[in-house]
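None of the figures in this text is laboratory data; all of them are computed from the coordinates on show. Fair warning: this is a prediction, and the values are worked out from it, not measured in the lab.
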Amino acid sequence: MVITLISVMMFFAVPRLNTTLLTSDSRRVSTWMVLTVKALKQKSLREQRTHLLQVDLEKHKLTSAVETKAPEASEGKEAFEELNGGKEQAAKSEALELPKGFRLTEVAFPGKTPISSGIAEIRFYPKGYSDHVLIHMEDSTGDRISFEIEPFLQQVQIHNSDVAF
C-alpha cells in the first residue's frame with residue numbers, strides 16, 4: 001500500500017520537477033516572448049498608448065517600451081519612455097538578453113523585406129491589436145525557432161523551423 005501511494009505521488013511530482021527545475025534556455029526565451037506579447041497587448045489597450053517590442057538584431061536583445069512620438073511624425077531616432085513609471089532609463093526589467101549561443105536572425109513583416117540587422121520595432125496599438133510579424137531565432141545547437149505574433153490574437157505561435165509569410 002505504501003509503495004502504491006509513493007508511486008502515485010511520484011507520478012504527479014516528476015513532470016512538475018521536469019518543467020520547473022530543468023528548464024532549458026529556449027523554453028525561457030519562449031516563455032518570456034509569450035508573456036511579454038500578451039502583456040503588451042493588454043497594456044496598450046488599457047493605457048490607450050502604443051507600446052513597442054524592440055528587437056535588437058545586433059545585440060540579440062528584446063526590449064519593451066512605450067512610444068512617445070507618433071511614428072509618422074518622427075524622424076531619425078525616436079524617443080521612448082520606458083515602461084518603468086514613465087521615466088526615461090534603461091529597460092532592465094522589461095528586457096531579455098538572449099542566452100549565450102542564441103541569436104536573432106531576422107524579423108519579417110508581411111509584404112516587406114525582412115530585417116536582418118539593426119533594430120526592428122513591433123507595435124502594439126491602443127485598440128488591442130498588433131503588427132503581424134515573424135521573429136526568427138537560432139539556438140546554440142543550430143535549431144531554428146520562429147515566433148509568430150498575430151495581430152488579433154493574444155498568444156504567440158511558436159514554430160520549430162523557419163516559416164515565411
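A few comments on the model shown:
- Taken over the range 89-165, the ratio of Cα radius of gyration to 2.2 N^0.38 Å equals 1.15.
- Largest to smallest principal axis extent of the C-alpha atoms in the range 125-165, angstrom: 39, 18, 12
- Using 0.36 nm per residue and subtracting the Cα-Cα separation, the extra length available between residue 97 and residue 68 on full extension is 8.1 nm.
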